[in-house]
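The values are calculated or read from the model by the stated rules, or taken from the named source; none is laboratory data. Fair warning: this is a prediction, and the values are worked out from it, not measured in the lab. Cβ placement follows ideal geometry from the backbone for every residue including glycine, while neighbour counts extend to all protein chains displayed.
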Amino acid sequence: MRGSVSGVEPGECRVAVFIYVPPYGWYTKPTCAQPLTVIQSDGSWTTDITTGGVDELATRVAALLVRTNFDADCVLGLPFLPTNLFAQALASAIVTRQHPGVRWLSFSGESWWVKTSSERVGPGPNYFSDSTNNVWVDALGRLHLRITQDAGRWYCAEVVSARTFGFGWYRFVIESRLDNLDTNIVLGLFTWSDDPAWAHREIDFERLCMDTTGRIDGNNFQFVVQPWEMPGHVVRFKVPPQATSSVHTFCWEPGAVRFRSRVGGLAPLSATTNVLDTWVYTLVTPQSGDENVRINLWLYDGMPPGNGHEAEVIVSRFDFSPLAKPFPPVVIRASLIGTNIVLIGTDGVPGGSYLLLSSSELGLPACAWMPLQTNRFDAAGNFTCTVGLAETQPQFRFFLLQLQ
């Protein structure tokens, strides 16, 4: 196995590598006597992860960037990597290897494996199917999840990312109505680790009609940082009727998770946008570890849809961006009012600042554009810019929003 690191002094750091071999567990590689791998002066590193009898059957590989004074016991057959390993890591990368017997697909530039079960399993519990009738990606690259019935048995759908993303910005774009799904149907967009530490590192968007007491309360969506039973860990709201697309974003950072959901898509100047709810969670924020992203469509308590109908949800894209690179804002409306150009947009960093630039040539580098004004996004990430035509000069018709 080989890789590279950047942003650190190679002589001051090492790489700690671990593999997971089912059903035996996690192991330090290459050996307990040599638990750390040296980083070369150019940032590259190489290590042998097949020093045991069945190491070639490993399904997950973890590489942690650590200091040379990294201190941890050798890992031999543990079901989960200890939390203290991630606490000492400067950075980490964890991937799931494609292996026989599991269906894989590509969606939004990432590899995902498709869940299947011959017995009822969580969530629900339910039966899950990896059939192309339940999970598929269409010609436009959109992920379809479908709950189906076959021979009197209901099957649900779930995909799991091969990669662990860690702290950063997560975005899910839905191209389906959520208000008209049966009350027993749940859509989950979330992170999850099999390690029970930090409540499985579960951070959720959920289309769910039941509140924390199991009562239908008129809402149909919620933000959650698990455990949901604890006060202050759930915010519920309603996705309105007829909303055919919606965007759900959270920023996971040390000490906080920032949620935001809105109606509308990502294409500029193409949709009416309405922020549904925002929330900043700061109670007990999970530490990133070996979690993956999961997207699922399942039945609450394993109960069949009350209307007896199969159901489908389309997820048009999933995006991740590191903390330092928030997703770009979207201009949703541009209009000429009197002698002013008014730009209205959304998806900015709540409370963050931006600089509006203008140019007559779209191909110029940003440093050559004319700065017009500095302003801030509101608490929901929305913005409105009003520019007098005299400020832009008649030939200036291109605008650029630059995050500060």
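Tabulated data
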item	result
Test: residue in the range 213-220 that is β-branched (Val, Ile, Thr), modelled with pLDDT under 95 and farther than 27 Å from Gly345 by Cα	yes
Wholly within the range 21-131, strands (runs of 3 or more DSSP E) carrying at least 2 residues that are in contact with a Lys or Arg (Cβ under 9 Å, 6 or more places away or on another chain)	36-38, 44-46, 60-67, 91-96, 110-114
Test: residue in the range 187-203 that is more than 18 Å from Val263 (Cα to Cα), in contact with a Leu (Cβ under 9 Å, 6 or more places away or on another chain) and crowded, with 21+ Cβ neighbours inside 10 Å	no
Cβ pairs under 8 Å, 6+ apart, first in the range 129-146 and at positive phi, second of a type in the set (D, E, K, R)	Gly141/Arg317
Single match in Asp55, Asp48 (criterion: more than 30 Å from Ala157 (Cα to Cα), loosely packed, with under 15 Cβ neighbours inside 10 Å, of a type in the set (D, E, K, R) and in contact (Cβ under 8 Å) with a residue 24 or more places away in the chain)	Asp48
For Cys13: the one exception among (1) of a type outside the set (Asp, Glu); (2) surrounded by 18 or more Cβ atoms within 10 Å (Cβ to Cβ); (3) free of Cβ contacts under 8 Å to residues at least 24 places away in the same chain	(3)
Filter result for Ala72 (in contact with a Pro (Cβ under 8 Å, 6 or more places away or on another chain), modelled with pLDDT under 95, not assigned by TED's automatic domain parsing to the domain that holds Asp290 and not polar (S, T, N, Q))	yes
Elements of type strands (runs of 3 or more DSSP E) contained in the range 325-404, each with 2 or more residues being at pLDDT 90 or above and of a type outside the set (A, V, I, L, M)	353-359, 370-376, 383-388
Selection from the range 162-176 of residues that are assigned to a strand (DSSP E or B) and either surrounded by fewer than 20 Cβ atoms within 10 Å (Cβ to Cβ) or not assigned by TED's automatic domain parsing to the domain that holds Phe190 (or both)	Arg163, Gly168
Pairs with Cβ under 6 Å, 6+ apart, first in the range 349-361 and closer than 20 Å to Ser321 by Cβ and surrounded by fewer than 19 Cβ atoms within 10 Å (Cβ to Cβ), second among the hydrophobic types (A, V, I, L, M, F, W, C) and at pLDDT below 90	Pro350/Ala379
Of all residues making up the range 151-161, the number that are crowded, with 20+ Cβ neighbours inside 10 Å and of a type outside the set (Phe, Trp, Tyr)	5
Test: residue in the range 287-309 that is of a type in the set (Gly, Ala, Ser), free of Cβ contacts under 8 Å to residues at least 40 places away in the same chain and part of a loop (DSSP other than H, G, I, E, B)	yes
